[in-house]
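A short worksheet on the structure shown next.
The values are calculated or read from the model by the stated rules, or taken from the named source; none is laboratory data. Predicted model, so just to flag it, every value in this text is computed and none were measured. Cβ coordinates were reconstructed from backbone atoms using ideal geometry, including for glycine residues, and neighbour counts include every protein chain displayed. Ligands, DNA and RNA are stripped out before the accessible areas are found, and what is left, the full protein with its side chains, is counted by its heavy atoms. Shrake-Rupley method; radii C 1.70, N 1.55, O 1.52, S 1.80 Å.
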Amino acid sequence: MAGQLLARAKEEGTVREDAEVGDVVMIVCGLAAVIRYDAGDWRRYVRNACAGLRS
């Protein structure tokens, strides 16, 4: 599913061409850790991660 969404976003030009499914997996795992350990503002984490994927 992540691969399909990422491919579509690349076609639309909204995601960096060098973004990979592994990047999305790492972002999700990082987000899970932030939430699980109450390690900060998860909303800020999501905003920064999305900004890093934008083209």
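Select from the stretch 1-46 the residues that are outside any helix (DSSP H, G or I), of a type in the set (Ser, Thr, Tyr) and in contact (Cβ under 8 Å) with a residue 12 or more places away in the chain and list them in ascending order.
THR14
Can you confirm whether ASP23 is out of contact with any Ser or Thr (no Cβ under 8 Å at 6 or more places or on another chain) and on the phi > 0 side of the Ramachandran plot?
Answer is no for this residue.
Which residues, taken from the stretch 20-55, are of a type in the set (Ser, Thr, Tyr) and open to solvent by 90 Å² or more (accessible area, probe 1.4 Å)?
Of everything in the stretch 20-55, those that are of a type in the set (Ser, Thr, Tyr) and open to solvent by 90 Å² or more (accessible area, probe 1.4 Å) turn out to be TYR37, SER55.
Please determine whether any residue of the stretch 45-53 is of a type in the set (Ser, Thr, Tyr) and more than 14 Å from the chain's Cα centre (by Cα).
Scanning the stretch 45-53 turns up no residue that is of a type in the set (Ser, Thr, Tyr) and more than 14 Å from the chain's Cα centre (by Cα).
For the stretch 1-19, give me the residue count where each residue is under 10 Å from the mean Cα position of the chain (by Cα) and open to solvent by 50 Å² or more (accessible area, probe 1.4 Å).
0
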